1. Cross-link partners among lysines for LYS28, C-alpha distance below 30 Å, same-chain residues fewer than 8 apart left out?
2. Relative to the Cα centre, what is the charge dipole magnitude of the chain, using +1 at the beta carbon of each Lys and Arg, -1 at the beta carbon of each Asp and Glu, and rounding to the nearest 20 debye?
3. Multiply the residue gap between PHE32 and ASP54 by 0.36 nm, knock off their C-alpha separation, and tell me the result in nm, one decimal place.
4. Could you work out how far helix 41-51 tilts from the main Cα principal axis of the chain, as a 0 to 90 degree angle to the nearest 10?
5. Work out the charge dipole of the range 1-134 with +1 on the Cβ of Lys and Arg and -1 on the Cβ of Asp and Glu about the Cα centre, then indicate which of VAL126, TRP76, VAL4 is farthest towards its positive end.
6. Identify the trypsin sites (Lys or Arg not before Pro) of the range 79-157 meeting these criteria: DSSP loop state and at most 15 other C-beta atoms within 10 Å of the C-beta.
7. Quick check on the range 1-56: take the gyration tensor over C-alpha atoms, sort the square-rooted eigenvalues as a ≥ b ≥ c, and tell me if it's rounded (a/c under 1.5), prolate or oblate.
8. Any lysines with Cα under 29 Å of the LYS67 Cα? List them, leaving off those in the same chain fewer than 8 positions away.
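No lab work stands behind these numbers, since they all come straight from the coordinates. Here the structure is a predicted model, which is why all the values come from computation and not from measurement. Heads up, the Cβs are rebuilt from the backbone with ideal geometry, glycines too, and the neighbour counts pull from every protein chain shown.
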Amino acid sequence: MIKVNTLSPFVGLARYEAWKDGWVDKDKIDEFSYISNVCNPEDLLLSCKLLFPDFFVVQEGVFLEGKYDADIFVSWLKHFNGDLQVTEKMLNHTHLYDVFDSCSGDIDDRIFEQLANVLALSWRLVLKDKFPERKFSVDISITDQDYRPIVTFYQLS
């Protein structure tokens, strides 16, 4: 038997570990137990909008529905001298700290970094499914200069 992991084991899960510590038989408790006991199905379903986004296709460019604004698109396209690829990269970039800006408390940076990897994987799969004839790059940037982490995508020429 060979186990194939889609995702690396998660680290830095303070809430999960604190919850798990409340159980007597911790060996029988796993992530699915946590989901069953703590998470609301609506929250999980709404999270799918981030993982499996909708898109607008404009002038052959592909843009996240939640990030697209016609006036901003025109402004950036002009700023980048008609370079659609750079415009896609700019408009599609998503700061994970902003997505979760209402979270209070100290959240381990590793949580955001792991989430960036999950989001990038998901976007790669969705883009391949929705646009099989096109090739995309899904990039992650995790630097202090970029208000880390950032996930973005753009088409490859």
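1. Output for LYS28: LYS3, LYS20.
2. Numbers: 16 positive and 26 negative charges, 109 e Å.
Computed about the Cα centre, the dipole is about 520 debye.
3. Details: separation 22, 0.36 × 22 = 7.92 nm, distance 2.73 nm.
Net length gain for the segment: 5.2 nm.
4. Here the helix axis deviates by roughly 40 degrees.
5. Result: VAL4.
6. Numbers: sites: LYS89, ARG110, ARG124, LYS128, LYS130, ARG134, LYS135; in loops: ARG134, LYS135.
For trypsin sites (Lys or Arg not before Pro) across the range 79-157 that sit outside H, G, I, E and B with at most 15 neighbouring Cβ atoms in 10 Å, the list reads ARG134, LYS135.
7. Details: a/c = 2.44, a/b = 1.46, b/c = 1.67.
It is oblate, given that a/c is not under 1.5 and a/b is not larger than b/c.
8. Cross-link targets: LYS49, LYS78, LYS89, LYS128, LYS130, LYS135.
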